[in-house]
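Presented below is the structure to which this report refers.
The values are calculated or read from the model by the stated rules, or taken from the named source; none is laboratory data. In this text, all values refer to a predicted model and were calculated from it rather than measured experimentally. FYI the Cβ positions are ideal-geometry reconstructions off the backbone, even for glycines, and counts take in every protein chain you see.
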Amino acid sequence: MSSNNKLVKIISWSFLLLMLSMGSAFAATLEEAKTAGQIGEKQDGYIGFVQSNVPADVVALVNDVNAQRRQRYEQIARENGIAVQDVAKLAFTRAFENTRSGHFVEGSPGQWVRKP
């Protein structure tokens, strides 16, 4: 297995574990905000605001999720000797694959599109 394939596999499992570790109530809130079109997956591997005016609890949720992702990305980067940004970009690929139809993803920086 090439080192790139190994890294992709590590990131895939890590992303899945991160999503599962958030807890069902937390994930449901995240899912609700995505379904409402308030937030989406950004190309940089983090959650972003699709709408400019979102409730404070959604802002707090996004900040918490992004902090957890950043910690995990840093850990993966350290363990594999690569840049955090590279890990985050690979994580976006996995997040995009797992994003439901109709939810928002960043098509290009700052441009939100609904996933078909």
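Quick look at the values:
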| read-out | value |
| --- | --- |
| Segment 42-92 - residue that is hydroxyl-bearing (S, T, Y) and surrounded by 14 or more Cβ atoms within 10 Å (Cβ to Cβ) and, of those, nearest to V113 (Cα to Cα) | Y46 |
| Matching entry among G45, G81, G37, G23 (being at positive phi and modelled with pLDDT under 70) | G23 |
| Residue check, A95 surrounded by fewer than 16 Cβ atoms within 10 Å (Cβ to Cβ) and not polar (S, T, N, Q) | no |
